[in-house]
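The structure appears below as structure tokens.
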Amino acid sequence: MSDGVYDMPDEPRRARPPGRRPRALLPTIATLIVLLILFSVFTDVWTQRLWYRSIDLGSVFSTVLGTRVLLFVAVGLVMSAAVVANVIVAFRTRPRVALAPSPSPGFERYGDLLQQRGKIAIGVIAALMLVFGGSAASGEWKVFLAWRNRTPFGVTDQHFNKDIAFFVFDYPWLRVLLGFGYSIVLLSLVAAIITHYLYGGFRPSAKGQKASGAAQVQFSILLGLLVLLKAFSYWLDRYGLTTGKSRLFTGISYTGDNAVLPSKEILAVIAVLCAGLFFANVVRKTWLLPGVGTVVLILSAILLGALWPAALQQLRVRPSEPVKEAPYIDKNIAATRQAYGLEGTEVVNYQAKTTATPSELTQDAEVLPGIRLIDPSVVGPTFEQLQQVRGFYSFPEDLDVDRYKIGNKTADTVIAVREVQIDKLPAGQRNWNNDHTVYTHGYGVVAANGNQRADDGTPVFSEKDLPPVGQLGDYEPRIYFGEKSPTYSIVGGPKGGQAVELDTPEGKVGGDPTLNTYDGKGGIGIGSFGNRLLYATKFRDANLLLSSRVNPDSKILYDRTPRERVEKAAPWLTPDGDPYPAIVDGQVVWIVDGYTTSANYPYAQKVALDDSTRDTTTGRGTIAQQPSEEINYIRNSVKAVVNAYDGSVELYAWDESDPVLKTWMKAFPNTVKPRSDISPALMSHLRYPEDMFKVQRDLLAKYHVTDSTTWYQNSDLWRVPADPTAVPSSTDTTPQNQPPFYLSLRMPDQPEPKFSLTSVYVPNAERENLTAFMAVDAEATSKDYGKFRILRLPGNVQIPGPGQVFNKFQTDEGIRTALLPLNQPNSGARAQFGNLLTLPLGGGLLYVQPVYSVRTSGPGSYPVLRYVLVSFGDRVAFGSTLQEALTKVFNTKVDTGEDPGGDTPPGNQPPANQTIKQALAEAQAAYTAAQAALKAGDLAAYAREIDKMKAAVDRAAAAGSAPTTTPSPTPSGTPSSTPTSTPPSSPTG
């Protein structure tokens, strides 16, 4: 033993056998792994930088990266320095003689190793602490930036008299600092304990003295700091009560105000005194007083923090809870309506007549042509079958509703983008070149009038076909950025070079496919070897290095969905779950509503964002579910626009008074354009966002009440009804809310119909009668945009709700008889009910529901509109048109502007021609597959595909005079003749 440390006896060094080299394999492998990890990190960072520069938002990348690096270095160095300093102090103040022998010889070896390799050990500890602390801190960059650029709300809370900005911006950052403070002190304490234990300065099992004087001093200071942080935590907890949840609401309750709040203040003072006792232990060197202080603190936390509030709640509050809690409920109601933008909600009593006179119907005549019959959640397959053109094109499962001026009228329009979907390519056409360089983009927009149907039940298209023709004007039809775009595509090329990107399957007058070379400003240049290597690493695809399709002028497109691009361009926004396309100034753009949110608005009720926005459309197709997080403040602060051709992202400030938006605009200057920059063409397509509306309607089910007594009694509590048309899944039978609907309607106080977002309420009890109808003005150009109007129905009149009306439709004898042919087991078809719409009309409430028929088997089936069901008061009726159904239900002639006896409207191809077109497309697809099978020597597969081809041609012949001869293959596999509409072979080059 020397210098107070037990030494291990020296062992003779073993001689290395002659000619034997040191083992360098493991160090070499470790070095390679580290280099690969570093290169992977570099690849991710550098490609992110290139992506942001491609959309002219490099400042967003540099701000985020700079902030993360700053926090990583600052917090990481502080934590590393604190832990290392405590290890060094413990090592240098180690006793010359251990207080007691180590319980295990292994500890002596560790101590000896650390003494011999001290610098290496310190370096390893410092690096670990740097990485641990820095990584945790860099993840808090949003909290830091929000605090650093905080903007006052100009509104003070109702208890502490502090600006709301303190709770939204300062309080979260103080909590983060407190958490890092705890981590730094705790890790330093653990490091000090371990070091003192290794060198004999701390022996808990020793008799008598258990810690050396130096160890006692170090432990006292660290424990004192820990308790001091606890005192700060108690003090911060006072402000946290404003967003804490009580049994009834979010915010400070009577018990919180009169028991919890004083207890936190008292405990903070006790904790400061207890910390002083630990610091005094540096001089006194006795654990008695700190121990007594700790016991007092623990007992005080139990008595003041738990027992006192519980006793007050049970003995004083509960017997007279409505009276005691009334002032605090008032605060909660006021703050909630303010935080969610509900202050201007207008609630009026609506008598809801069950009969309407002809004069009342005449007054509402201009509303009738605006009733939307085409259900965007049903007609997706119809769009796909009638407008898909080729199997590799696709439409979303749920389409969108927008407003377009057609002729001299503005009408609701169901719209979708024809996107490329490489997953639908035949297996024989799937290869790297086709997937990433040929099928790179979709083409064109398809739109249908929302309030019209053709004689055969198909939509009346206002925009259709390839190349696009219709009434929506000229525009760039290529869709390189969409909701179903490939993961990445290689586009572009030298001027005059061979084009390979498939534009349309045929030219304007038929013939060979038209090809295109991308010339937009979007994408990242991938012509250099360095960029090719980076992206080959990023996508783990060596073809990016090896393929001749990647030329010096090539670009790579990725992160292409509108929602994804907005999330990256503005990482502080929460995008709406359903972006929608629009034709604006000759371009197809995606419009994405962006929300600023917070969970720290004092006294405002907290809701789960994912639960509040969930309905039967959520998660279906491309409609995304919101993240699982709690919020109590939301604003539609930004309207984001993503160009479908070049992928550019434009952010426009919409709610310019929002302090949260102002804060982020200071953090990311020059990234959000002012509202005044929105063009009139774009403004005409902006609408009230769905997800925010869902959150607001969820809250208005209770917070339409402003009286604390009624609110407490829940005597006027509403709920959103379940969607009666939803088909329960086999895995989840929980009823989902009915989605809101975009409709053109006129509320009682409106002079003319407005494009609105609507919903209904039923009582919270086990009843399904209608209790209220709600609409918000959704036209961005309207002076009343965003105004909520609620029609409260009388409690003494039974107005059926959606579930009850749907039950009437299904049990009405006339409707059952009309639908019977569609629902027969051997009919080959079934009835599919569309959205059940509700709107005020004729002094009452009218229900309208389209009914579609759809073939139950076979390829190419799609729903067509067959009937329109209506209900008004106690009466139900149906007809092949809305006009016929309304005439029956009101027992008087109603003119909706329809032409029920007219020819098929222009733009709707007869079903026979559609059948022929589809059958010939299937025949050609089968022929292509047969050729591939023949080349592969698979004669069985060849025979199967030939049979499919003949069956498809037979269907075309049965639908009408076949315009082509049957493609009959010769023994060599070459067809003797082919259809005139031959799908293009893959331009694989």
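Points worth noting:
- Single condition E265 does not satisfy, out of (1) buried (at least 18 other Cβ atoms within 10 Å of the Cβ); (2) within 29 Å of N632 (Cα to Cα): (1)
- Cβ pairs under 9 Å, 6+ apart, first in region 55-72 and more than 18 Å from E567 (Cβ to Cβ), second outside any helix (DSSP H, G or I): L71/G139; L71/E140
- Looking only at region 235-293, residues that are more than 25 Å from S598 (Cβ to Cβ), touching a residue at least 24 places away in the same chain (Cβ under 8 Å) and charged (D, E, K, R) come to 2 in all.
- Single residue of V642, V660, V607 found to be crowded, with 23+ Cβ neighbours inside 10 Å, in contact (Cβ under 8 Å) with a residue 12 or more places away in the chain, aliphatic (A, V, I, L, M) and closer than 30 Å to A335 by Cα: V660
- Any strands (runs of 3 or more DSSP E) falling wholly within region 750-833 and containing at least 3 residues that are over 28 Å from Y862 (Cβ atoms): 754-763, 772-777, 788-792
- Scanning region 182-191 for any residue that is in the same structural domain as L71 (by TED's automatic domain parsing), at pLDDT below 95, under 51 Å from the mean Cα position of the chain (by Cα) and buried (at least 18 other Cβ atoms within 10 Å of the Cβ) turns up at least one such residue.
- Considering region 402-444, the residues that are in a strand (DSSP E or B) and either outside the structural domain of D541 (by TED's automatic domain parsing) or charged (D, E, K, R) (or both) include one that is farthest from the chain's Cα centre (by Cα), namely K409.
- If you filter region 551-585 down to residues that are of a type in the set (S, T, Y) and in contact with a helix residue (DSSP H, G or I) (Cβ under 8 Å, 6 or more places away or on another chain), you find that the one that is nearest to D474 (Cα to Cα) is Y558.
- Helices (runs of 4 or more DSSP H) contained entirely in region 645-741, each with at least 3 residues that are among the hydroxyl-bearing types (S, T, Y) and more than 20 Å from the chain's Cα centre (by Cα): 708-713
- The single condition among (1) assigned to a loop (DSSP other than H, G, I, E, B); (2) touching an Asp or Glu at 6+ places or on another chain (Cβ under 7 Å) that V378 does not satisfy is (2).
- Among the candidates R620, R635, the residue that is basic (K, R) and modelled with pLDDT under 95 is uniquely R620.
- Helices (runs of 4 or more DSSP H) contained in region 249-347 and holding at least 1 residues acidic (D, E) and modelled with pLDDT of 95 or more: 261-284, 321-339
- Any hit, region 198-207, residues being touching a helix residue (DSSP H, G or I) at 6+ places or on another chain (Cβ under 9 Å), in a helix (DSSP H, G or I) and not basic (K, R): yes
- If the condition is being among the small types (G, A, S), surrounded by fewer than 18 Cβ atoms within 10 Å (Cβ to Cβ) and over 22 Å from L241 (Cα atoms), then region 287-318 contributes only G291.
- Taking (1) assigned by TED's automatic domain parsing to the domain that holds I88; (2) free of Cβ contacts under 8 Å to residues at least 60 places away in the same chain; (3) in contact with a Leu (Cβ under 9 Å, 6 or more places away or on another chain) in turn, W173 satisfies each apart from (3).
- Selection status of L472, part of a loop (DSSP other than H, G, I, E, B) and farther than 19 Å from T413 by Cα: no
- For R875, the conditions (1) crowded, with 17+ Cβ neighbours inside 10 Å; (2) at pLDDT 85 or above all hold with the exception of (1).
- Taking region 478-498 as the range and being within 23 Å of S394 (Cα to Cα) and not in a strand (DSSP E or B) as the test, the residues that pass are Y480, F481, G482, E483, K484, S485, P486, T487.
- Filter pass, L820 being without any contact (Cβ under 8 Å) to a residue 24 or more places away in the chain and either among the small types (G, A, S) or over 30 Å from I591 (Cβ atoms) (or both): yes
- Taking residues in region 210-228 that are farther than 20 Å from R92 by Cβ, and partners anywhere that are surrounded by fewer than 21 Cβ atoms within 10 Å (Cβ to Cβ), the pairs with Cβ atoms closer than 6 Å and at least 6 places apart or on different chains are K210/P204; G224/F279.
- Residue within region 130-149 that is farther than 30 Å from V84 by Cα and either assigned to a loop (DSSP other than H, G, I, E, B) or at pLDDT below 95 (or both) present: yes
- From the list S744, S679, the one residue that fits, being in contact with a strand residue (DSSP E or B) (Cβ under 8 Å, 6 or more places away or on another chain) and closer than 30 Å to I524 by Cβ, is S679.
- Of the residues making up region 52-101, those that are polar (S, T, N, Q) and over 30 Å from V672 (Cβ atoms) are S80, N86, T93.
- Check on V378, surrounded by 21 or more Cβ atoms within 10 Å (Cβ to Cβ) and either over 30 Å from K754 (Cβ atoms) or not aliphatic (A, V, I, L, M) (or both): no
- Looking across region 776-808, the residues that are among the aromatic types (F, W, Y) and outside the structural domain of P850 (by TED's automatic domain parsing) come down to Y785, F788.
Per-residue answers, yes or no, for (1) over 30 Å from G213 (Cβ atoms); (2) part of a loop (DSSP other than H, G, I, E, B); (3) at pLDDT below 95:
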residue	(1), (2), (3)
V69	yes, no, no
L114	no, no, yes
A127	yes, no, yes
F167	yes, no, no
D170	yes, no, no
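- Test: residue in region 538-558 that is touching a residue at least 60 places away in the same chain (Cβ under 8 Å) and part of a helix (DSSP H, G or I): yes
- Pairs, first of a type in the set (F, W, Y) in region 413-434, second part of a helix (DSSP H, G or I), C-beta under 6 Å, six or more apart: W432/N543
- Region 240-251, subset surrounded by fewer than 22 Cβ atoms within 10 Å (Cβ to Cβ) and in contact with a helix residue (DSSP H, G or I) (Cβ under 9 Å, 6 or more places away or on another chain), residue nearest to F167 (Cα to Cα): G240
The values are calculated or read from the model by the stated rules, or taken from the named source; none is laboratory data. Given the structure is predicted, the values throughout are model-derived calculations rather than measurements. Positions of Cβ are generated from backbone atoms using ideal geometry, with glycine treated the same way; all protein chains shown enter the neighbour counts.
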